[in-house]
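See structure below.
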Amino acid sequence: MKYIEPQILPSLGHAEVRIIARTPEAARAVAEALRGCFAGTAERSFPGLGGDTRLHLTVDTAVSAGPASSWLAASRSPAGAGAHSDEI
């Protein structure tokens, strides 16, 4: 039987993002795009099994950053909003 490590959840309001890319440059480009939307911690980079790059990043979803901040604030559902009438 394969052992699976228990996952520790990030703190409330944070998300753990794992990026897998063929090159370190591609992984960093995705991390930079995320940092344009959310405040984040320093990334942690690891070599992958097939020569790829694995990059881990924790973002704070409660604190938007950069030019996307107004879009993110406007796109959040108001508290108590449920499904639309045409949704099941």
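Couple of notes before you dig in:
- A straight chain from Leu12 to Asp52 at 0.36 nm per residue would run longer than the Cα-Cα distance by 11.4 nm.
- Net length gained if the chain between Glu25 and Val63 were fully extended (0.36 nm per residue, minus Cα distance): 11.1 nm
- Karplus-derived 3J(HN,Hα), 6.51/-1.76/1.60, for each residue of the stretch 24-36, Hz, glycine and proline x: x, 5, 5, 5, 5, 5, 5, 4, 5, 4, 5, 5, x
Taken together, the values in this text are just the output of simple stated rules run on the coordinates, not laboratory data. Please read all numbers here as calculations on a predicted model, not as lab measurements.
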